[in-house]
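The values are calculated or read from the model by the stated rules, or taken from the named source; none is laboratory data. Keep in mind that what you see is a predicted model, and the values were worked out from it rather than measured. Cβ placement follows ideal geometry from the backbone for every residue including glycine, while neighbour counts extend to all protein chains displayed. The protein model used for the area step is the full one, side chains on, heavy atoms only, and it has no ligands, DNA or RNA in it. Shrake-Rupley method; radii C 1.70, N 1.55, O 1.52, S 1.80 Å.
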Amino acid sequence: MSATQTLPAAQARVLFVHAHPDDESIMTGGTMAALAASGAHVALVTATRGEGGEVIGELRERLEGNRAELASHREQELARALEILGVSDHAFLGDGERGGADERLPSRRFEDSGMAWGPDGHAVAPDDMVPEALCAAPVSEAAGYLVNVIRRVRPQLVITYSSGGGYGHPDHVRMHEATVAACQRLEGTADEAAALLFFDTPADAAADAFDPQAPGFELTGFAPAESIPTIAAEAPIAVAQDVDAFIGAKSLAMAAHRTQITVAGQFFALSNGIGQKVMDIECYTDAAYPGPGPAPYAPVDNVLDAVIVPVETHAYPTPAGTGTDDAHAAAASGAGGAAGAASTAGTGAARAAGARPARAAGAGAARADTESPGRPKTSAAAIIHAILVGLLIGVLGSFQHLNATAWELGGQQIIAPWGLALALALSTAGMWHIAALYRSTSLMVLCAAIICMVSFLFTQQGLLPGADLIVAAYLRSIVWLVAPMGIAAVLAFTLPSLKAPKRS
């Protein structure tokens with residue numbers, strides 16, 4: 001039996017299936033950003049435009065209840081969120097050829113079915129819905145369009161909701177059913193996906209997400225949950241994707257859906273105002289291993305590790321019109337044209353025989369000693385951002401810190417060093433910004449070091465004539481020279497975004 005390996009990011013094609021704009025950011029935003037940053041091709045199909053959603057913020061009076069205008073606005077919000085996540089391949093289900101329409105399935109628009117809260121605290125289908133609602137259409141119809149999307153994207157991995165739909169939303173459940181049906185139709189064909197994962201949440205993670213005692217929750221103004229609406233995972237967790245390095249992008253993508261989500265630090269709330277954590281671990285179950293035993297490869301911390309492929313057949317053809325760099329296809333076939341053709345033919349034969357290469361090889365074969373894609377490192381843009389913030393604060397604080405106001409009180413002169421207080425407040429705000437955005441202690445310390453370095457340069461008259469008049473030999477200047485590093489140390493041990501516990 002041939003050796004196997006996990007799917008390399010450079011050859012990976014992953015399709016995410018969601019029901020409404022904002023679901024992709026809340027549930028799988030970190031995974032999407034991580035995959036896109038690692039070089040994988042990430043595609044998203046969204047079933048509806050969220051026409052039936054409640055609206056928050058200043059646009060509520062204009063948009064709520066106006067399905068057409070809300071749909072148009074949420075399209076724009078979704079486009080901005082995907083730009084932040086680094087995803088360019090997107091389609092709405094049924095919307096033209098990209099959305100799965102063809103000569104048999106005319107282009108159509110699926111609309112938000114809406115929801116109501118059931119007695120158990122989970123979402124249920126409403127008593128009435130518009131004729132164009134997703135849940136008003138048969139599962140087979142939505143699955144038909146999705147089959148064509150899968151054929152276009154040619155993903156090795158498909159990701160959607162679990163059977164409970166997260167919290168029971170009928171559109172989430174319908175897209176779970178449609179995705180399962182679409183994948184089943186393609187079994188044994190050349191378009192079959194190697195793996196199907198469901199976004200799911202363990203019971204302990206759900207309790208942690210809605211914990212009102214979490215550090216920083218009291219600062220948000222959000223209401224605590226009276227009960228936990230999440231439907232906990234029943235199948236064993238196969239993948240616990242650590243998205244901590246992309247929590248900033250995930251939070252910004254969520255905030256882009258400003259008619260639906262309020263983000264405050266590491267917490268967010270929907271229209272009900274109930275606070276919950278922005279999840280830094282996104283969990284998935286494997287459709288092929290519903291339990292009680294776990295998947296043979298589990299547990300892993302990267303969704304690509306759920307796709308186990310034979311080493312000689314890891315190259316997948318690049319479909320036209322998806323925007324993937326041609327260099328990926330060249331790299332996949334560069335080992336030799338004849339060998340690549342034979343490998344692709346072998347994969348097709350295995351699928352035609354009804355075998356799923358990832359599962360057939362993965363249960364007993366030895367994996368190749370190929371390193372799977374690791375957790376991405378801090379980006380150069382984040383480092384440059386921290387340096388620029390440090391330079392700006394260093395210059396402004398150095399010019400500001402000696403300002404003070406003096407007055408006499410009872411014959412004693414009182415000096416109020418408001419300039420120093422303002423400079424230190426600016427430093428604290430800047431470092432807090434870097435820490436909260438990137439969830440990185442090292443970047444925050446880098447910012448503090450740059451502030452201190454700029455301040456020190458202003459004491460060197462030989463380097464900058466007159467500089468010693470800006471940072472002089474006063475107690476206020478000494479405090480300004482060293483305080484930023486002290487503030488960074490305090491923030492490192494107190495900020496909830498930097499000390500939040502990790503789940504294994």
Please find, within the range 473-488, the residue that is farthest from Q266 (Cα to Cα) out of those that are modelled with pLDDT of 90 or more and not β-branched (V, I, T). A483
Here are S497, S442, S504: which of them is outside any loop (DSSP other than H, G, I, E, B), at pLDDT below 80 and within 30 Å of N302 (Cβ to Cβ)? S497
Does the range 92-99 contain any residue that is without any contact (Cβ under 8 Å) to a residue 40 or more places away in the chain, outside any loop (DSSP other than H, G, I, E, B), aromatic (F, W, Y) and in the same structural domain as Q156 (by the TED database)? no
Determine if the range 253-268 includes at least one residue that is of a type in the set (D, E, K, R) and outside any strand (DSSP E or B). yes
I'm trying to understand the selection: among the residues of the range 42-91, which are of a type outside the set (G, A, S) and over 30 Å from P138 (Cα atoms)? I56, E58, L59, R60, E61, R62, R80, E83, I84, L85
When you scan the range 275-291, do you find a residue that is part of a helix (DSSP H, G or I), surrounded by fewer than 21 Cβ atoms within 10 Å (Cβ to Cβ) and either charged (D, E, K, R) or touching a strand residue (DSSP E or B) at 6+ places or on another chain (Cβ under 6 Å) (or both), even just one? no
Unmet requirement for A36, which otherwise passes all of (1) farther than 14 Å from H257 by Cβ; (2) touching a Phe, Trp or Tyr at 6+ places or on another chain (Cβ under 7 Å): (2)
If you scan the range 24-50, which residues turn out to be open to solvent by less than 10 Å² (accessible area, probe 1.4 Å) and not hydrophobic (A, V, I, L, M, F, W, C)? E24, S25, T28, G29, G30, T31, T46, T48, G50
Only one of I414, I451, I393, I434 is farther than 25 Å from A253 by Cα and at pLDDT below 90; which? I414
